[in-house]
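Structure record follows, encoded as structure tokens.
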Amino acid sequence: MAHFHDLTVTDVTKTIRDAVVVTLKPVNGGDFDFIQGQYLTFRQKFDGIEVRRSYSICAGKDDGVLQVGIKKVEGGAFSTWANETLAPGMVIEAMEPMGSFHTPIDPRQAKNYLGFAGGSGITPVLSNMKTVLAREPRSTFTLVYANRGVNTIMFREELEDLKNLHMGRLTVIHILESDAQDIDLFTGRMDAEKCKALFTHWIDIDSVDTSFICGPEPMMLGISAALRDHGLSDDQIKFELFASAQPGRLKRKAGSAASTAAAKSTEATITMDGASRSFTMDKDQTVLDAALENALDAPFACKAGVCSTCRCKVIEGEVEMVANHALEDYEVQQGYVLSCQSYPLTDRIVVDYDH
Amino acid sequence: MAQDMTIDSYLAQGGKLTNPTNVPPRYRAELLKIMATFVDSELAGAAGFADVINAGPGIKERIAAARIVLEKTDNADTVLNLMGEFGANTDRYANHHPWTDRLPRDTPPGTARNAHDMRLSVLNYPLDGWVDAVTMNLCMGLAVGVQLDEFLTSSYQPFAEAIRKITPVEARHTELAEEGLQKLIAQGGGPAAVAAVTYWRPRVAAVFGEGARDRFEQLKAWGLRRTPNATLGATWESRLDDALARLDLSA
């Protein structure tokens, strides 16, 4: 199960005007031995509201560091904070690396990889690219990297260095939306048509074994359609979506919080396995989390309002269930709630898990 | 680059989601429901089959049964780990649950699920001896095959990838069942097999029960499903008929 661990920030480097590369070191425990292309999920409170954001690891397996790239997004609380406030010595919380944006590495194989990256979508592609080039001496990597203009290209110098380091095995094609280049084909938007033109003139698509795509939605659709048209199957195409809007966790309805602004906490009594325990809990906390925090062995599994493992009955008081995909109407009428989705509304609640 | 595409329109055009953070809440709920159903069914199926390992008439049969138990548990683990990335407590999930619980054998076919887990309804019925277990494995294995085909194109890429690995393993279980049943029939187990087919067929069929149409359309728009249950059910019926014809068990 995924837990948050403390990581010390050891370095923050600006790559371009609005993007930083953050180097991290685990403080005590957590398995941060990542696979190339994986991401870290961070959490941070802003004005009392927890925000979770995921950022891809940009380091290769042999770089010996844990690094993520964070590009500032307009209005993005976390990315702005990371770009403006985050500094070496600070401690930040993240879950262990996750994600399956990678293919198995085998030093004996000679594969041709084709990577597509849009803007900050370069981070997990870069991690894969560095690892492949270092660990598969017979493989080649072609990177098609789309950006608005020259000054928004993340890792531009690093890519040049990699080309020199792996002479003849790494090809980088920059596609720039607004800056003109020597070759017309390399200017404009990265879409299905651009792909087709690249496949006709620059990339031998028939020799490609695996393709990595990371960028915003329209780019992913256009490129994957072009790849499929050229005979690549689903298991040859690896995606990592950098959604333009990362949805956060489910929020409580604002209205209810305002109407009970008087008390921010609730006196809770929870019965489980025949025994009852009372404690004070925060109204911003789910009944399940409060129970777990108070050493009650409350049952739960998905924590998403789906599996109904955490079902309990409200005996006294009122809670607000923000999501319910598991309980039938009649169960709700009888007072059953999913404790992972339920926040106290009244100043006192009594809840029973044994019913 | 145009950055203003909504997730819904991206999915409607065949886009793939790749990790929990770019999954919208409602999609997440439906995806977790699909994954939980798969995991619970594999765990319940494995648990039920574990009980009949010793009923196998020979060493080879017991090895086959034990392998099925092992691999179904392994398949559950693969998908449970994906659920873990969404915050499911994977340690607790598998352990704190009576996976071998079943209804009385004579419970009529239906779609009611166990109140405490998301296993498919068919897995609430108990196995009754070796021939019954092998027959159930064949009937259900063919249904699982149809369902897995449906998930191969899931818009949640990590799930589709997991299913791609799981599909050939499950297909082998169904082959083992057919081979085993062939042997049992040759040894005079025909009448028991016919009785078992009669018992299991309607119960497996219920797996493809009519769901709410709106819900299916929504799942389809999100790329989590593509074929209506009625069509999947018909595919299963015809694959089962073919298998029964090969075994000379056609009624």
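Consider A:C340 carefully, then state whether it is within 14 Å of chain B (Cβ to nearest Cβ), more than 25 Å from B:Y27 (Cβ to Cβ), in contact (Cβ under 8 Å) with a residue 24 or more places away in the chain and buried (at least 22 other Cβ atoms within 10 Å of the Cβ).
No; evaluated as a whole, the condition is false for this residue.
Candidates B:A162, B:A171, B:A133: the one that is over 18 Å from B:T37 (Cα atoms), among the hydrophobic types (A, V, I, L, M, F, W, C) and crowded, with 20+ Cβ neighbours inside 10 Å is B:A133.
If you go through the range A:1-38 and pick out every residue that is closer than 23 Å to A:V125 by Cα, in contact with a helix residue (DSSP H, G or I) (Cβ under 7 Å, 6 or more places away or on another chain) and either surrounded by 21 or more Cβ atoms within 10 Å (Cβ to Cβ) or of a type in the set (A, V, I, L, M) (or both), you end up with 6. Could you tell me which residue of the range B:1-51 is farthest from the other protein chains (Cβ to nearest Cβ), considering only residues that are of a type in the set (S, T, Y) and assigned to a loop (DSSP other than H, G, I, E, B)? Looking at the filtered set, the residue picked out is B:T6. Would you confirm, using the coordinates I've provided, whether A:T286 is away from chain B (no Cβ under 14 Å), under 16 Å from A:L345 (Cβ atoms) and of a type in the set (S, T, N, Q)? Taking the combined requirement at face value, the residue does not satisfy it.
Among the residues of the range A:196-207, is there at least one that is of a type in the set (V, I, T) and crowded, with 20+ Cβ neighbours inside 10 Å? Yes, that holds for at least one residue.
Candidates in the range A:122-168 are the residues that are surrounded by fewer than 15 Cβ atoms within 10 Å (Cβ to Cβ) and not in a helix (DSSP H, G or I); of these, the one that is nearest to the chain's Cα centre (by Cα) is A:R148. Going through the range A:80-93 one residue at a time, which ones are in contact (Cβ under 8 Å) with a residue 24 or more places away in the chain and either surrounded by fewer than 21 Cβ atoms within 10 Å (Cβ to Cβ) or assigned by TED's automatic domain parsing to the domain that holds A:S139 (or both)? Result: A:W81, A:N83, A:L86, A:A87, A:P88, A:G89, A:M90, A:V91, A:I92, A:E93.
Remark: pairs (first residue in the range A:148-159, farther than 15 Å from A:G188 by Cα; second residue of a type in the set (G, A, S) and modelled with pLDDT under 95; Cβ separation under 6 Å; 6+ apart in sequence or on different chains) = A:M154/A:A19. Go over the candidates A:D297, A:D273 one by one and state the one that is at pLDDT below 85, within 14 Å of chain B (Cβ to nearest Cβ) and more than 27 Å from B:A29 (Cα to Cα). Only one candidate qualifies: A:D273.
Residue selection: A:I183 fails the criterion of being of a type in the set (V, I, T) and modelled with pLDDT of 90 or more. Checking each residue in the range A:210-268 for being under 30 Å from A:S278 (Cβ atoms) and at pLDDT 50 or above picks out A:A262, A:A263, A:K264, A:S265, A:T266, A:E267, A:A268.
The values are calculated or read from the model by the stated rules, or taken from the named source; none is laboratory data. Quantities reported herein were computed from a predicted structural model and do not represent experimental measurements. Glycine gets a Cβ as well: all are built from the backbone with ideal geometry, and neighbour counts include every protein chain shown.
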